[in-house]
């Protein structure tokens, strides 16, 4: 709009000719000057300049939109973009269908809480045939900490979708659709990103999982500015992958203790340090998501997995379409299972504080600890 030609805007011919004679051709060139500069440059009066600028501005200015129209457009875009259903009814309803396409969804939680279990189930759901509610595609699973277990994945499939996995050769076919990478450093991961971008199209990939992003940088950078700088390019690239491929991208993140200075600076992230001793015990360890505030702004959906008094919860801590909600869950032989589809709404520090009480007794069903 800014490059529209002034001579085609319907101005009186005489003023349009003056603009042309002074080599002011586009709306951008005219509006880049003040009215007094135009008066001097065009050698006309203030009234004529004001009228011309108002006319040009009215034509190139984007039209107004109502809040109702913006909301309707967003709902339509969400519907067209698509979702990967998690098969967790309450969570899918809160997210208007599941894990959204085209954006970053982050899973945050302490070790052993169930992040990888959730990612394994999502990988199966993305690879399932469309006739069974899946995306009928391949999955790229970036396994940074060597937590991926094909045995556990097949167990989840057998328990969750027995009608599929008991068919001859189906377990092998599903397993063959999940491509697992094991980068050992951030630099190695960086080198593979361009190939991943090509693979997203060549192999009909319908889900990208990075488990975990924090582990990629923990061995190379300390917490703080160097890490933020190192991640800046990667965040931009991964976000562009999501927008380019229009698939869901799920990234797991670790937790860390929050210092007192950070608590004062970012009071929205955790319980304040000036609480009473009783409150400190209740909110035990002042844990927050790793990778910092800049990373937090980059993700569209943040799901926090935590444990309080031995009960595990998954909560929607950040979402443009859902209020902060928490759902109690268990890890079973078929993966994550909600104990209630009716989430309860969170307020205040509970939205971002991450609790870590009594979850060390989680075990899986093949004799290995869950991660």
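Of all residues in segment 306-327, how many are in contact with a helix residue (DSSP H, G or I) (Cβ under 6 Å, 6 or more places away or on another chain) and part of a strand (DSSP E or B)? Break it down stepwise before answering.
If we filter segment 306-327 for residues that are in contact with a helix residue (DSSP H, G or I) (Cβ under 6 Å, 6 or more places away or on another chain), which is where we start, we get 316-317, 322, 324-325, 327.
With the extra rule that they be part of a strand (DSSP E or B), the set shrinks to 316-317, 325, 327.
Total meeting the criteria: 4.
Residue count for segment 15-29, restricted to those that are surrounded by fewer than 17 Cβ atoms within 10 Å (Cβ to Cβ) and assigned to a loop (DSSP other than H, G, I, E, B): 3. Within segment 338-357, restricting attention to residues that are within 13 Å of residue 312 (Cβ to Cβ) and either exposed (fewer than 14 other Cβ atoms within 10 Å of the Cβ) or at pLDDT 95 or above (or both), the residue that is nearest to the chain's Cα centre (by Cα) is 338. Just wondering, is there one or more residues in segment 113-128 that are surrounded by 15 or more Cβ atoms within 10 Å (Cβ to Cβ), part of a loop (DSSP other than H, G, I, E, B) and at positive phi? Within segment 113-128, one or more residues are surrounded by 15 or more Cβ atoms within 10 Å (Cβ to Cβ), part of a loop (DSSP other than H, G, I, E, B) and at positive phi. Is there a residue in segment 175-182 that is out of contact with any strand residue (DSSP E or B) (no Cβ under 6 Å at 6 or more places or on another chain), modelled with pLDDT of 85 or more and more than 20 Å from residue 85 (Cβ to Cβ)? Yes, there is a match, as at least one residue in segment 175-182 is out of contact with any strand residue (DSSP E or B) (no Cβ under 6 Å at 6 or more places or on another chain), modelled with pLDDT of 85 or more and more than 20 Å from residue 85 (Cβ to Cβ).
Residue-by-condition table, conditions (1) outside the structural domain of residue 195 (by TED's automatic domain parsing); (2) surrounded by 22 or more Cβ atoms within 10 Å (Cβ to Cβ); (3) within 23 Å of the chain's Cα centre (by Cα):
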site: 139; (1), (2), (3): no, yes, yes
site: 143; (1), (2), (3): no, no, yes
site: 150; (1), (2), (3): no, no, no
site: 164; (1), (2), (3): no, no, no
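Filtered by the rule that a residue be closer than 22 Å to residue 4 by Cβ and either touching a residue at least 40 places away in the same chain (Cβ under 8 Å) or exposed (fewer than 11 other Cβ atoms within 10 Å of the Cβ) (or both), segment 36-53 gives a lone residue, 52. For residue 183, the criteria (1) touching a residue at least 12 places away in the same chain (Cβ under 8 Å); (2) in a helix (DSSP H, G or I) hold in every case but one, which is (2).
One residue alone among 51, 127 is over 17 Å from the mean Cα position of the chain (by Cα), modelled with pLDDT under 95 and not assigned by TED's automatic domain parsing to the domain that holds residue 158, and that residue is 51. Just a yes or no: is a residue in segment 71-85 touching a residue at least 60 places away in the same chain (Cβ under 8 Å), surrounded by 21 or more Cβ atoms within 10 Å (Cβ to Cβ) and either closer than 21 Å to residue 158 by Cβ or in the same structural domain as residue 202 (by TED's automatic domain parsing) (or both)? Yes - at least one qualifying residue is present in segment 71-85. Of the residues screened, residue 242 is one that is modelled with pLDDT of 50 or more, part of a helix (DSSP H, G or I) and touching a strand residue (DSSP E or B) at 6+ places or on another chain (Cβ under 6 Å). A search for C-beta distances below 7 Å between a residue of segment 152-173 that is outside any helix (DSSP H, G or I) and any residue that is modelled with pLDDT under 90 and surrounded by fewer than 14 Cβ atoms within 10 Å (Cβ to Cβ), counting only pairs 6+ apart in sequence or on different chains, returns 161/132.
The values are calculated or read from the model by the stated rules, or taken from the named source; none is laboratory data. As the structure is a computational prediction, the values presented were derived from the model and not from experiment. Using ideal geometry, Cβ is built from the backbone for each residue, glycine included, and neighbour counts are taken over all protein chains shown.
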